[in-house]
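The values are calculated or read from the model by the stated rules, or taken from the named source; none is laboratory data. The model shown is predicted, which means the values in this text are computed figures rather than measured ones. Note: ideal-geometry Cβ built from the backbone for every residue, glycine included; neighbour counts use all protein chains shown.
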Amino acid sequence: MRGPQLDQLPDEFPVFPLGGALLLPGGHLPLNIFEPRYLAMVEDALGEGRYFGMVQPDKRLGHGENGPGLYRIGCLGRLTSFDETNDGRFLITLTGVIRFTIVEEIEMRRGYRRVRAGLAGFAADLRVPGEGALPFPRPQLEDALRRYFTSAGMDVNWNGLETMPDATLVTSLSMACPFTNEEKQALLEAKDLTERARALLALLEIGARDGDFDDDFEPKAS
């Protein structure tokens, strides 16, 4: 299925600031929405193209008028799955489309934050990545992954991982592994899939060796 063109995407949209939640182009992020302002955000997004951005709070920045300071780079996603529970929550899946740079925050709406963003610098995110894009043999990544998951005490569906295309594997692992917020941001800001794969391999190697994992890696949706 053909994706959107750059000129079809909004340059003003809501953002969901959530530490530990990494959305990458082509990735799928499940979210449990229950806080009133974000319920309102999802309702509005459903009527306006289904787009909103994910961005992490930046611990180096203080709180401003609208909330915590944010990293300048996030990822615009499109709501591709939606379910409303009996207790009023939304269970959604956000699919990553393209990264963006925050140009400025604009007026809040119904309690949620909105930005004006630049997308053109990330136009390559809209292209379907080719296979064989890993800058090293795939078994090298799989070996590091096995050692990392063993060190972390995590159970993994190896059959599922082994059948994933290279690009999907790098995206899925970058989003799912218990990296720190800063490490997740570095993966997001990687220039391209090749650079992200190198960064991912380095993080897996460090984690497997040092056993240094983020205990709060599960993002808490609001």
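Brief remarks follow.
- Residue among Pro4, Pro36 that is in contact with a Lys or Arg (Cβ under 9 Å, 6 or more places away or on another chain) and closer than 17 Å to Arg110 by Cβ: Pro36
- Every pair of residues 6+ apart whose Cβ atoms lie under 7 Å, when the first sits in the stretch 63-81 and is at positive phi while the second is at pLDDT 95 or above: Gly67/Pro17; Gly67/Arg113
- Filtering Glu205, Glu162 for residues that are more than 28 Å from Pro17 (Cα to Cα), touching a residue at least 24 places away in the same chain (Cβ under 8 Å) and either buried (at least 19 other Cβ atoms within 10 Å of the Cβ) or not assigned by TED's automatic domain parsing to the domain that holds Gly77 (or both) leaves a single hit, Glu205.
- Single condition Arg78 does not satisfy, out of (1) among the charged types (D, E, K, R); (2) within 14 Å of the chain's Cα centre (by Cα); (3) part of a loop (DSSP other than H, G, I, E, B): (3)
- Residue list for the stretch 122-141, restricted to those being at pLDDT 90 or above and either more than 13 Å from Leu173 (Cβ to Cβ) or loosely packed, with under 14 Cβ neighbours inside 10 Å (or both): Phe122, Ala123, Ala124, Asp125, Leu126, Pro135, Phe136, Pro137, Arg138, Pro139, Gln140
- Flag if Leu193 is buried (at least 19 other Cβ atoms within 10 Å of the Cβ) and within 18 Å of Leu126 (Cβ to Cβ): yes
- Residues being of a type in the set (A, V, I, L, M, F, W, C) and in contact with a Pro (Cβ under 8 Å, 6 or more places away or on another chain) - total across the stretch 95-111: 2
- When Met54, Met41 are screened for being of a type in the set (A, V, I, L, M, F, W, C), assigned to a helix (DSSP H, G or I), surrounded by 15 or more Cβ atoms within 10 Å (Cβ to Cβ) and not assigned by TED's automatic domain parsing to the domain that holds Asp192, only Met41 passes.
- Qualifying positions in the stretch 14-58 - among the charged types (D, E, K, R) and either under 19 Å from Arg72 (Cβ atoms) or modelled with pLDDT of 95 or more (or both): Glu35, Arg37, Glu43, Asp44, Arg50, Asp58
- Of all residues in the stretch 63-78, those that are surrounded by fewer than 17 Cβ atoms within 10 Å (Cβ to Cβ) and touching a Pro at 6+ places or on another chain (Cβ under 8 Å) total 3.
- The stretch 13-54, residues that are under 15 Å from Ala176 (Cβ atoms) and without any contact (Cβ under 8 Å) to a residue 60 or more places away in the chain: Met54
- Among the residues of the stretch 1-12, those identified as under 19 Å from Gly118 (Cα atoms) and free of Cβ contacts under 8 Å to residues at least 24 places away in the same chain are Asp7, Gln8.
Here's the yes/no breakdown for (1) outside the structural domain of Cys75 (by TED's automatic domain parsing); (2) in contact (Cβ under 8 Å) with a residue 40 or more places away in the chain; (3) surrounded by 14 or more Cβ atoms within 10 Å (Cβ to Cβ):
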| residue | (1), (2), (3) |
| --- | --- |
| Phe90 | no, yes, yes |
| Leu94 | no, yes, yes |
| Arg99 | no, yes, yes |
| Val103 | no, no, no |
| Glu107 | no, no, no |
| Arg113 | no, yes, yes |
| Arg116 | no, yes, yes |
| Ala120 | no, yes, no |
